[in-house]
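K.L.:
What follows is a structure written as structure tokens; I'll ask about it next.
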Amino acid sequence: MNNYFNYETLKFILHDVHRLNDILKAERFKDIDADMINILLDGVKDYCDKELYPIFREMDEKPAYYEDGKIHVHPKVGEVMTEFGEMGLIGGHFDEKYGGMQLPESAINAAYTIVSTANNNMSGYPGLTTGSAALITTFGSEALKETYVEKMLSGQWAGTMCLTEPQAGSSLSDITSSASANEDGSYNVKGQKIFISGGDHEFTENFIHLFLARIDGAPAGTKGISLFVVPKLKIGEDGSLSPNNVQTIADFQKMGQKGYCTTHLAFGEDGTTQGWLVGEENKGLKYMFQMMNMARISVGRDATAVSIAAYHASLQYANERVQGRKIKSSGKKDASNNPVKIIEHADVRRMLLFQKSVSEGALSLIHEASALYDSSYNADQETKENLKLLLELITPVAKTYPSEKGKQAVDTGLQILGGYGFCTDFILQQYLRDIRIMSIYEGTTGIQSLDLLGRKIPMNGGKSVQLLVAEFQKEINRAKEHGNLSAYADQLAGGMKTIEKVLGKISGHAMQGEFEKYLADATPFMEMFSTLVIAWQWLKMANTAQDALISNKLTYSKEFYESKIHTMKFFYKYELSRIEGIANIFDDEKFLTLQLENELII
Ligand SMILES: Cc1cc2nc3c(=O)[nH]c(=O)nc-3n(C[C@H](O)[C@H](O)[C@H](O)COP(=O)(O)OP(=O)(O)OC[C@H]3O[C@@H](n4cnc5c(N)ncnc54)[C@H](O)[C@@H]3O)c2cc1C
């Protein structure tokens, strides 16, 4: 068995903290129970132990590469697509009519947490196929559904998201790929797409690109972008496959996630490439946001998974490495004493608790997002709208916190290994290189922060924030009933006041039309806000652990629950306390980062 995550913690978060059984009461999930989901997760864990974790390092050491017009990846990629198709990990969440199992998103997220802790280079291949197939089932015509969905969900064909172009990364309004209508209802598409994850390789029969382009004469900006299905191989009426002139130009060589290919594709440059419109003209970006929002949570989950795996690698090392002696009450080290394992040193324990508090806090947030999504299957219209608003508010946070703080947590984990952490004999350096991409793709941290402060917080007159505050209050009230947690309830309430004060201050700029000033420090705001959100998740976990201890209904050991409460205390002391310092940035009225008359960045 490989020690890259803690199964009990995953189950505690899924079943106890986010109450899977309540989610399963929805009519949609009538044929599913918690035991079935546990069996699915056991199977995934077994598969990861035997098949994915053992090749994690190999995928880094033998990266994907381009040669003679082809992308070469690890041979396991093709097997994983088929096997994940069979296990229901590509289409598990889909309606039965598409061959899905109507599993809750929470179960799929838990399964992929295991996959990505074992091997984060692999999860994107099936994951993007799920997201692109979902775009077709939600917005596509019956013909598109019939042609593509079944083969995608089985893993026979793979899906991609084709947004980025050399001049259009963060700013998708600058997309220039074009589409010209044909008489038969199809379009000829043309353009180059870069950084396309999982965009081509030899082990999957066909690649179905979900492609953004402008139809000739479409309005400028985001309102003129349409979405197309563009297969690598066209499907004839008899099911035969023929080339669609999608050329693979290169595979980007990267510092991390080297086993996950990142392709450069050209469409319509060497002959005609045909695409088929999804939904209505000019609504492509709106549709694509369904996939992007899902992918943002997935990136947050993968970042979380890497930080969890790194924590377990550091923990194992700290339990084995012997170095230094304990400090005596005299304040001196006694050389006659035996050296100790480094886990006995306070500073090493601080680093481990930092890793644990960040990675498990992030995991709980990812499951909060899934629970919000799943709960809407059993809600009246008003509750559904509220759940959607809450999910929209926490999506940029669920993407950013695990990526940014997870990166720091992995870096801290590497520090625990001292010099060995820097050496390729140990795995920490791979985790650090792998997690680095998470704060870049699916919208950089800067872009997520602008989304949070510029769009999500003011959304619906601030209703989403009010809903979140009500959720915080529920945990505060629960904690107040547990005498030992009451002080932490006060600390969370204090953090809420701090952020309210900051928002009160900066919204003055927005009201005066000075949006550049309002948004200038969106990223420090994200740091503060996301820390508070994770503090809420930790209070939720501590309340759940305390409930179990009081009722003596213990699924796990007493120490397991006590360690959750202890980690919450660590997070409040070492992390939540930092938001006061960040708030000071907003007290200072000098806008040092805005463009000034004299250029001061030279
Ligand atoms: C490994 C990898 C895999 C990828 N996979 C895919 C994929 O499958 N499909 C796909 O379509 N794309 C994919 N991408 C593209 C990815 O989404 C973009 O790289 C990302 O959105 C950033 O765009 P950019 O690289 O052009 O950077 P830019 O947009 O040029 O940004 C550069 C810097 O400027 C900042 N910035 C930009 N605009 C603003 C602004 N308005 N305000 C403040 N700051 C700003 C950014 O935060 C960033 O720090 C992938 C990228 C990589 C590296």
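Please treat every number below as a calculation from the coordinates, not as lab data. Keep in mind it's a predicted model, so treat the numbers as computed, not measured. No Cβ is skipped: glycine too gets one built from the backbone with ideal geometry, and neighbour counts run over all protein chains shown.
K.L.:
For the stretch 1-57, please list each of the helices (runs of 4 or more DSSP H) lying entirely inside it that holds at least 3 residues being free of Cβ contacts under 8 Å to residues at least 40 places away in the same chain.
P.N.:
Details: elements: 7-11, 20-23, 34-47.
In the stretch 1-57, 34-47 are the helices (runs of 4 or more DSSP H) which contain 3 or more residues that are free of Cβ contacts under 8 Å to residues at least 40 places away in the same chain.
K.L.:
Check the stretch 181-191 and report whether any residue there is within 16 Å of the ligand (Cβ to nearest atom), at positive phi and surrounded by 19 or more Cβ atoms within 10 Å (Cβ to Cβ). Can you show your working first?
P.N.:
Taking the stretch 181-191 first, the residues within 16 Å of the ligand (Cβ to nearest atom) are 189, 191.
When the remaining residues are screened for being at positive phi, the result is 191.
Retained after the next criterion (residues that are surrounded by 19 or more Cβ atoms within 10 Å (Cβ to Cβ)): 191.
Yes, that holds for at least one residue.
K.L.:
Counting only residues that are buried (at least 20 other Cβ atoms within 10 Å of the Cβ) and either away from the ligand (no atom under 16 Å from the Cβ) or part of a loop (DSSP other than H, G, I, E, B) (or both), how many does the stretch 442-455 have?
P.N.:
2
K.L.:
When only residues in the stretch 350-378 that are surrounded by 15 or more Cβ atoms within 10 Å (Cβ to Cβ) and more than 23 Å from the chain's Cα centre (by Cα) count, which is nearest to Glu575 (Cα to Cα)? Please lay out each step first, then the result.
P.N.:
Here is the first cut: in the stretch 350-378, the ones surrounded by 15 or more Cβ atoms within 10 Å (Cβ to Cβ) are 351-378.
The next check asks that each one be more than 23 Å from the chain's Cα centre (by Cα); those that pass are 351, 378.
On the way: Met351: 12, Asn378: 35 Å.
Filtering the stretch 350-378 for residues that are surrounded by 15 or more Cβ atoms within 10 Å (Cβ to Cβ) and more than 23 Å from the chain's Cα centre (by Cα), the one nearest to Glu575 (Cα to Cα) comes out as Met351.
K.L.:
Take the residues in the stretch 543-572 that are over 20 Å from Gln355 (Cβ atoms) and β-branched (Val, Ile, Thr); name whichever of them is surrounded by the fewest Cβ atoms within 10 Å (Cβ to Cβ).
P.N.:
Across the stretch 543-572, the extreme among qualifying residues is Ile550.
K.L.:
Quick one: is Thr129 within 16 Å of the ligand (Cβ to nearest atom) and either assigned to a helix (DSSP H, G or I) or more than 22 Å from Phe203 (Cβ to Cβ) (or both)? Even if it seems obvious, please write down each step before you answer.
P.N.:
Working: within 16 Å of the ligand (Cβ to nearest atom): yes; either assigned to a helix (DSSP H, G or I) or more than 22 Å from Phe203 (Cβ to Cβ) (or both): yes.
Yes; evaluated as a whole, the condition is true for this residue.
K.L.:
Return the residue satisfying two criteria in turn: it lies in the stretch 159-180 and is buried (at least 17 other Cβ atoms within 10 Å of the Cβ) and among the hydroxyl-bearing types (Ser, Thr, Tyr), and of such residues it is nearest to the ligand (Cβ to nearest atom).
P.N.:
Going through the stretch 159-180, the residues buried (at least 17 other Cβ atoms within 10 Å of the Cβ) turn out to be 159-165, 168-169, 172, 175, 177-179.
After this cut, where a residue has to be among the hydroxyl-bearing types (Ser, Thr, Tyr) as well, the list is 160, 164, 177-178.
Values: Thr160: 6, Thr164: 4, Ser177: 11, Ser178: 17 Å.
Per the stated criteria, the residue is Thr164.
K.L.:
Which fully enclosed strands (runs of 3 or more DSSP E) of the stretch 211-303 have 3 or more residues being within 20 Å of Lys145 (Cβ to Cβ)? Step through it out loud before you land on a result.
P.N.:
Numbers: elements: 226-231, 233-235, 241-243, 246-251, 262-267, 273-277.
In the stretch 211-303, the matching strands (runs of 3 or more DSSP E) lie at 226-231, 233-235, 273-277.
K.L.:
For Thr147, state whether it is touching a residue at least 40 places away in the same chain (Cβ under 8 Å), β-branched (Val, Ile, Thr) and within 16 Å of the ligand (Cβ to nearest atom).
P.N.:
Values: touching a residue at least 40 places away in the same chain (Cβ under 8 Å): yes; β-branched (Val, Ile, Thr): yes; within 16 Å of the ligand (Cβ to nearest atom): no.
Judged against the criteria, Thr147 is not a match.
K.L.:
Under 7 Å between Cβ atoms, at least 6 apart or on separate chains: pull out the pairs that start in the stretch 412-441 with a residue that is charged (D, E, K, R) and end on any residue that is in a helix (DSSP H, G or I) and surrounded by 19 or more Cβ atoms within 10 Å (Cβ to Cβ).
P.N.:
Asp434/Val306; Arg436/Lys407
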